[in-house]
Amino acid sequence: MAELHAQTLTELAAGLRAGKFSSVELTRHFLERISKYDAELNAFITVTSELALAQAADADARIAAGTASALTGLPLAHKDIFCTDGVLTTCGSKMLSNFVSPYDATVVTRLKQAGMVMLGKTNMDEFAMGSSNETSFYGAVKNPWNLAKVPGGSSGGSAAAVAARIAPAATGTDTGGSIRQPAALTSLTGIKPTYGRVSRYGMIAFASSLDQGGVMCLSAEDAALLLQSMSGFDVQDSTSVDTPVPDYSATLNQSLKGLKIGLVKEFFEQGLSNENAKPVREALAVYEQLGARLVEVSLPNLPLSVPTYYVVAPAECSSNLSRFDGVRFGYRCDNPRDLQDLYTRSRGEGFGSEVKRRIMTGTYVLSAGYYDAYYLRAQKIRRLITEEFANAFKQVDVLMGPTSPTTAFDIGAKVDDPVTMYLNDIYTIGANLAGLPAMSIPCGFLDGLPVGLQIIGGHFAEAKLLNVAHGYQQVTDWHKRMPERYA
Amino acid sequence: MSLTRKDVEAIAHLARLAITEEEASLYADSLSRILHLVEQLNAADVSTTEPMAHPLAGLVQRLRADEVTATDQHEKFQLNAGKVSSGLYLVPKVIE
Amino acid sequence: MNMQSDAMSWETVIGLEIHAQLATRTKIFSGSSTAFGAAPNTQANLVDLGYPGVLPVLNQNAVKMAVKFGLAVGAKVAQRSVFARKNYFYPDLPKGYQISQYELPIVEHGKMDIVLEDGSTKTIRITRAHLEEDAGKSLHEDFQGYTGIDLNRAGTPLIEIVSEPDMRSAKEAVAYMKKIHTLVRYLEICDGNMQEGSFRCDANVSVRKAGAEKFGTRCEIKNLNSFRFIEKAINYEVARQIELIEGGGTVQQQTRLFDPDKGETRALRSKEEANDYRYFPDPDLLPVVLDDAFISDIRATLPELPDEKAHRLVREFDLSPYDAGVLTASRELAEYYDKTVSIVVGGDRKSNAKAVANTVTNILTFSLNKENLDITESKVTPEQLAGLQSRINDSTISGKLAKEVFEVMWAEGGSADAIIESKGLKQITDTGAIEKVIDDIIAANPKQLADYRSGKDKLFAFFVGQVMKQTAGKANPAQVNELLKSKLAG
């Protein structure tokens, strides 16, 4: 038997059911790895050891009683953007560095009810605003493949934790690529479902019309397992969609013969050197061998997705983050002189510089005289982009391309230049604007650093995406590679 | 579109963010660069396009039954508050 | 230069924004109770507090009530309306934005008729009515030098009813406000309790030279919560603006507060800076889409509206428009009246309707006003009043004595029957008894008899008066007339 941490969630689930190990043993194994490795990775903001062991003991009892679900007893880590009852929930910010949530996010509740064990809360870019996990109040997270590199962001802590096998799986959220880009940079399988598929209730909002929760794990099979429990209608989220969740695991093994893969012309034209595109092109060749057909499609307005996003997302964030005012929760400045001082200093001191930059960008684009030129215009281009995607899916089953324009970059390399940093999301943002499900799967390495293949589907095509990813993972082993240091 | 330090200070005030003069200058620079990026949007023809607020077209607001589901948990909720007294959240005196 | 103000040369222009709290059980976006008077923050859940991660879900009754209002003012009910965020910072606004409707409100283009002092009718146009959430309350009493924030009210559903600037005096504004107040209570969509803030308004007031086309610069007087205050505040504000302009100054557009103690308006200090609300569609909520069936189902639940009812009372029962207006001025009074008429015994419906209308608009209203009571606090119930009318109908008492019975009823309680019995007010219908009284009176007044018989017809009234005096008003007037006529004739 492989070491516990070398196994996928699916394998661990089988081991638990077969009685090869208990949930307490499994949980203890990962907690030990966290205490051994997290000092250098900085993947966790909070480790909930006691709670995890108690949940594991409960899970073992459920397994013994025969009332376990497929996920019972399996550990995972939650991105610290999900509210967890009685547990510090910081969103990577000084603003919430004292915030103990009085309630669980729906995602947390569902996985808890399934019997999963929470190992802790993972580090992230502050309020999910970042692509390198360097904006966290709790410090940068290191990429397990090379500790001098960023793990990507904003779900960088989740990515590092799973890549280093100190957690077998983790939740993430994706507003502009925050699951897919770090998954690509750390060689993980990550999926952002269709907007509305996973409840946003209890997921601290960055940009409400773009945010979507998802998972980061070791295989499409694991993603199917987790997504099954996380997804579905939630009465507490008006934007959650009331359509049945298909059995994602049931269709994983469908043949890919005849699959029509769209190659987005604009993806390959923009910002991607030929050498960087090599693993992606090789992956596409694998799909051809599996019987898929490659079709070039064009989405002419897609190159506008970055500027569109950097109007829409800051606009929504500027409003979403107004609730942090030092009154009811969160950071409150010392000795405010008056009300304005309470507001401006609590917010000025509580938020980091990238968050403030985005709040100001958003405030500006919504303000009188600029609304039409920026916000309204961006909302119109958002429609153009969405329509172009819809047209593409009339011709093809999925779209494929790179997840990220580069492999993991050096910590500190882009922190001084927000625009360069924003361009990291160039391939991922389109799916958020259009609300499409999208994933990133490992497809190779360049100079020892992972490269991700992005797969985008039509609305509610999660099952198709997982099937397509799984087919590839059956004939390749990139997703099984582990950083040697953490083997 | 370039923003001046003064512009940034006005925006920061609207957003209730205390920033130093030095920060204001830095933000003036980075916000101007972001707006420059955003100016690419002017290239698209949107004359006949309706704005889109939600990614899923055609979905409509669900209506909730008018039934009380909340219970009083103010003591628990106020554990997170900086300053409370007799169940009230306290802020520096507001003069109307 | 003549600085003397010529009041006639100025025209006042008023528009009202009325905020009516909807009478839902729970808040517009959360399952917290909206009951008034709970201990601070005990009815504020995570959504009301704007906690990180929480999301709004719309209350169906709030939507239904807004639609009901729209239908009742003849407005267009939008099949698609959109919630937006109005962004500003204030301690009673937990999220830093208010969820309201901006570009696409649920109700547009309605109207409401008011009756002016000269009896003519004027139509006030209602621009729009939109759904929004109320804010919490700031308690400015001193809490160790702090302001206390109670968020129980935060998230209570409101409709904001925005009029066109169609009113030309404080009195018109009050008349309009009263009509809306009556209407929302008829519709049972708002309890109308102004003291508790369930029904309040902001008044936009400006003045211009009579005949001018352009409006003057307006000031908004916030949070007026009594009809009296509205009138006083507007009148003060009009005088202030005229004085300002005539003194060579200009009116600054600003938000002002009315101080009821001083009877003055003053500029608000904390909100004086120009607001930039940065409205945009709330991404947490989807468009509210109402189909025809939804709207027609609500139309079917509309009660008879006050103006309709008043017209019907005039048409069917010949009531004067004035009486009909009084009787329909509040839902409670109209219900009192309807109930009374419906349980009167004897008489036909029309005569009962007229008689009860008389009693209610005169005697009952007088007694209520004297003691400053509301119709719901009336000391005489519809059952009692109907009992009284029934005794008039069956001639147990004369109409003249009805007032006396009513007064006893008001002061001491009891049914008409019991009062008539105990006070001995029963009408005398025994012909023999009346004849005896008449005979005695004729005998005691030979001169008047002679004069009458020689042609002084007017003396007939004297004899009637004498009979009534003798019988303490209890003699049946018709019988008295008949008997007197024959006896006097000799």
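Nothing in this text is a laboratory measurement; each read-out follows from the coordinates by a stated rule. Please read these numbers as outputs of a predicted model, since none were measured by experiment. Glycine gets a Cβ as well: all are built from the backbone with ideal geometry, and neighbour counts include every protein chain shown.
For the reader, a short list of remarks on this structure follows.
- Among beta bridges that DSSP assigns inside the protein assembly as shown, antiparallel share in %, nearest 5: 80 percent
- With both labels modelled 7 Å from their Cα along Cα-to-Cβ, the A:Asp341 to C:Ser226 distance reads 3.8 nm.
- About the Cα centre, charge dipole magnitude for the protein assembly as shown (Lys/Arg +1, Asp/Glu -1 at Cβ), debye: 1080 debye
- The string of couplings for the range A:324-338 from the Karplus curve (6.51, -1.76, 1.60, θ = phi - 60°) is 8, 10, x, 9, 9, 6, x, 4, 10, 5, 6, 6, x, 6, 7 Hz, one whole number per residue in order, with x for Gly and Pro.
- For chain C, with +1 on Lys and Arg beta carbons and -1 on Asp and Glu, the positive-most of C:Thr123, C:Thr265, C:Pro287 along the dipole: C:Thr123
- Orientation-averaged projected area, Cα convex hull of the range A:304-379 (nm²): 5.5 nm²
- Dipole axis of chain A (+1 Lys, Arg; -1 Asp, Glu on Cβ), positive-most option in A:Gly153, A:Gln55, A:Met203: A:Met203
- Part-to-part distance (alpha-carbon centres) for the range A:364-384 and the range A:445-487, which is given in Å: 36 Å
- Shape category assigned to chain B from the gyration tensor of Cα positions, a/c cut at 1.5: oblate
- Convex hull volume of the C-alpha atoms in the range A:436-478, normalised per residue: 48 Å³.
- Neighbour-count order for C:Phe229, C:Phe36, C:Phe83, C:Phe317, fewest beta carbons within 10 angstrom listed first: C:Phe36, C:Phe317, C:Phe229, C:Phe83
- Counting all C-alpha pairs of chain A, share separated by more than 45 Å (%): 7 percent
- Amide H contacts of C:Trp10 (H built 1.01 Å from N, in plane; Pro and chain starts excluded): C:Ala210 sit under 5 Å, all sequence-distant by 5 or more or on other chains.
- Fewest-first sequence of B:Asp72, A:Asp447 by Cβ atoms within 10 Å of each Cβ: A:Asp447, B:Asp72
- Long pairs among C:Lys222/C:Lys339; C:Lys27/C:Lys76; A:Lys142/A:Lys278; C:Lys68/C:Lys222; C:Lys354/C:Lys487; A:Lys356/B:Lys83, criterion Cα-Cα beyond 29 Å: C:Lys222/C:Lys339; C:Lys354/C:Lys487
- Based on C-alpha pairs under 8 angstrom that are at least 6 apart in sequence, chain B has a relative contact order of 21 percent.
- For the range A:209-285, the equivalent ellipsoid derived from the alpha-carbon gyration tensor has semi-axes of 31, 19, 13 Å in decreasing order.
- Orientation-averaged projected area, Cα convex hull of the range C:381-490 (nm²): 7.2 nm²
- P(r) tail for chain C: Cα pairs beyond 40 Å make up 40% of the total.
- Close amide H contacts of A:Gly401 (hydrogens built in the peptide plane, cut-off under 5 Å, sequence separation of 5 or more or a different chain): A:Gln454.
- Among C:Ile106, C:Ile242, the ranking by other beta carbons within 10 Å of each residue's beta carbon, starting with the fewest, stands as C:Ile242, C:Ile106.
- Counting only Cβ charges, +1 for Lys and Arg and -1 for Asp and Glu, the dipole size of the range A:304-379 around its Cα centre is about 80 debye.
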